[in-house]
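Colleague: Have a look at this one before I ask anything.
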Amino acid sequence: MVLQRAAGSLLDVFRSIPLLIQFVLINSVNSLLRLGLSTFKVACLVLAIYTAAYCTELVRAGILSVPSITRRAGRSLGLTYLQDLREIVFPIAVKVVLPNWIGLTLGVMKDTSLVLWIGITELLRSSQSIVTRTQEPLLVLAIAGLIYFLMSFPVARLGTMLEKKWTPND
Amino acid sequence: MNYTFHWAPALKAWPQLLWGAVVTLEIAVLSMILGVMIAIALALFSKSNSKLLRGINSVWVELARNTPALFQVYMVYFGLGSLGLRLDSYPSLVVGITFNCAGYLAEAFRGGLRAIPETQVRAARSLGMSAPKVFIFIVLPQLFRIVFYPITNQMVWAILMTSLGVVVGLTNDLMGVTQQMSVVTFRTFEYFALAAILYYALAKFVTLGAGVLARRLFQY
């Protein structure tokens, strides 16, 4: 119980602090402790922790969505706890979790634009440096936005489609 | 680790950081108020018969949801600037966050509108209330109860999003103040740790306050 509450509040911290600040903090910890990680690795690490904080909630909601009667029935048929998780909870929970998980993935994909602050050149940063060269901010930014949109929109559509398909009795 | 932490100068800067937090909250509240109003309009657009209004709604929602918030702020700051509409970093941050919040909230409001029975509207109309009156006195109060949780969530998001202001050169919000001080003193970790604590406190303040408010408002 204590562990549960501690984990919950720790993850809550990662959800309540701006990602930009998390990048700067972990980046400075990296240089203070002389860990020698590249900024790319730091960015991946921060995004991974941040994603984990959100994903935990999704998985929890998924497991809770499985009726406890179903699980009890499985257990009383002689399944072990792990078998119950694998054969009963997983197939049911996946249908609840996957659409939201796709949404989370897209959110993280959009949040990657923040890594420009610790000096990684990604889509937005490189379009900004093109802007300083060509002095055409509207056109270049519109193209960058279009690229983001084309990456995100089809997957978002897939997510809503799966959600509609898998929501029971709707 | 041969690095000594210097917390004293960072703690001495506490008042400035607190003022930064106030500015951050101000930006978030301002853009949430605007965002909620626009989101209501967009949700109504999505139900209207006009193809143009429905188009505006879907373009706004899809753009807001499928591009990064940072891109949206950039677009307002640099993109609108090249159209001759030069906004300072403060208003362009507010516009950017408003755009983003309105897009996300419009979806929540659309779902909320669907949950209010059509029969209530018809009953009120047949009692002689005008359409705007029905919306304000019958639909809106129930709508706010349904979307209360999404609104609080979005409010926390808005607070976190204000940190993007530093990228377009805002210097007086919490992130901007912290950034400036850490650049001057090279004490990045200390200042940003304090800022992180303040952001966490702001977010907790909003969620706890919303919980108290919900219990007072929706007790029956």
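Colleague: Using the count of nearby Cβ atoms within 10 Å as a rough guide to exposure, how do A:44, A:55, B:101 rank from fewest to most?
Modeller: Least crowded to most crowded, the residues run A:44, A:55, B:101.
Colleague: Rounded to the nearest 0.05, what FRET efficiency is calculated for residue B:133 and residue B:215 with R0 set to 25 Å and r the Cβ-Cβ distance?
Modeller: Values: r = 29 Å, r/R0 = 1.17.
Rounded to the nearest 0.05, the efficiency is 0.30.
Colleague: May I pose another question? Take peptide A:104-110, look around each residue's Cβ out to 10 angstrom, count Cβ atoms belonging to other protein chains, and average those counts.
Modeller: Per residue, the average neighbour count from other chains is 2.
Colleague: Next question. From the phi angles alone, apply the Karplus equation (6.51, -1.76, 1.60; θ = phi - 60°) to the range B:125-134 and give each ³J(HN,Hα) in whole Hz, x where the residue is Gly or Pro.
Modeller: Once θ is set to phi - 60°, the couplings for the range B:125-134 become 5, 6, 7, x, 7, 6, 4, x, 5, 4 Hz.
Colleague: Would you mind classifying the range B:19-217 by shape? Square roots of the alpha carbon gyration tensor eigenvalues, ordered a ≥ b ≥ c; an a/c under 1.5 is rounded, otherwise it is prolate if a/b is larger than b/c and oblate if not.
Modeller: oblate
Colleague: Give the distance, in whole Å, between the Cα centre of the range A:91-170 and the Cα centre of the range B:206-220.
Modeller: Their Cα centres are 33 Å away from one another.
Colleague: Evaluate peptide A:24-32: per residue, the Cβ atoms of other protein chains within 10 Å of its Cβ; return the mean as an integer. Before the final figure, lay out each step's value.
Modeller: Details: counts 13, 7, 2, 3, 9, 3, 0, 3, 6.
Going residue by residue through A:24-32 and averaging, the value is 5.
Colleague: Another question, then. When you count, for each residue, the other Cβ atoms within 10 Å and take the mean per peptide, how do B:210-218, B:195-203 rank with the highest first? Don't skip to the end; give the middle numbers.
Modeller: On the way: B:210-218: 11.3, B:195-203: 20.1.
In descending order of packing, they fall as B:195-203, B:210-218.
Colleague: If you don't mind, there's one more thing I want to ask. Rounded, prolate or oblate for the protein assembly as shown? Axes are the square roots of the Cα gyration tensor eigenvalues, ordered a ≥ b ≥ c, and the cut-off for rounded is a/c under 1.5.
Modeller: Taking the square roots of the gyration eigenvalues as a ≥ b ≥ c, the protein assembly as shown is oblate.
Colleague: Ok, one more. Just to confirm the number: angle between the C-alpha axis of helix B:148-161 and the first principal axis of chain B, 0 to 90 degrees, nearest 10?
Modeller: Its long axis makes an angle of about 30 degrees.
Colleague: What ³J(HN,Hα) values, in whole Hz, does the Karplus curve 6.51 cos²θ - 1.76 cosθ + 1.60 give for the range A:42-54 when θ = phi - 60°, with x put for Gly and Pro?
Modeller: Result, rounded to whole Hz: 4, 4, 5, 4, 4, 5, 5, 4, 4, 5, 4, 4, 7.
Colleague: Moving to a separate point now. Send over the semi-axes of the range A:2-119's equivalent ellipsoid, whole angstrom and largest first, taken as the square roots of 5 times the C-alpha gyration tensor eigenvalues.
Modeller: Working: eigenvalues 259, 48, 29 Å².
Taking √(5λ) for each eigenvalue gives 36, 16, 12 Å, largest first.
Colleague: Let me ask another. With everything on Cα atoms, drop me the angle between helix B:174-185 and the longest principal axis of chain B, reported from 0 to 90° to the nearest 10.
Modeller: So the helix axis and the longest Cα principal axis differ by about 10 degrees.
Colleague: Convert each backbone phi in the range A:24-29 into a coupling constant with the Karplus relation 6.51 cos²θ - 1.76 cosθ + 1.60 (shift: θ = phi - 60°), then list the ³J(HN,Hα) values in order as whole Hz, x for Gly and Pro.
Modeller: Per-residue couplings from phi come out as 4, 5, 5, 4, 6, 4 Hz.
Colleague: A further question on this structure: For the range A:61-122, with the dipole built from +1 on Lys and Arg beta-carbon atoms and -1 on Asp and Glu ones, taken about the Cα centre, which of A:91, A:114, A:69 lies farthest toward the positive end?
Modeller: Highest projection toward the positive end goes to A:69.
Colleague: Compare the Cα positions of B:23, B:42, B:179 along the charge dipole of the range B:19-217 (+1 at Cβ of Lys, Arg; -1 at Cβ of Asp, Glu; about the Cα centre) and return the one farthest towards the positive end.
Modeller: Comparing the listed Cα positions along the dipole, B:42 ranks first.
Colleague: If the label point is 7 Å along Cα→Cβ of residue B:142, which residues in the range B:183-220 have backbone nitrogen under 20 Å from it?
Modeller: Correct set: B:217-220.
Throughout, read-outs are computed from the coordinates displayed, never taken from laboratory work. Note that the structure is predicted; figures quoted are calculated from it, not measured. Here the Cβ is made from the backbone with ideal geometry for all residues, glycine too, and neighbour counts use every protein chain on show.
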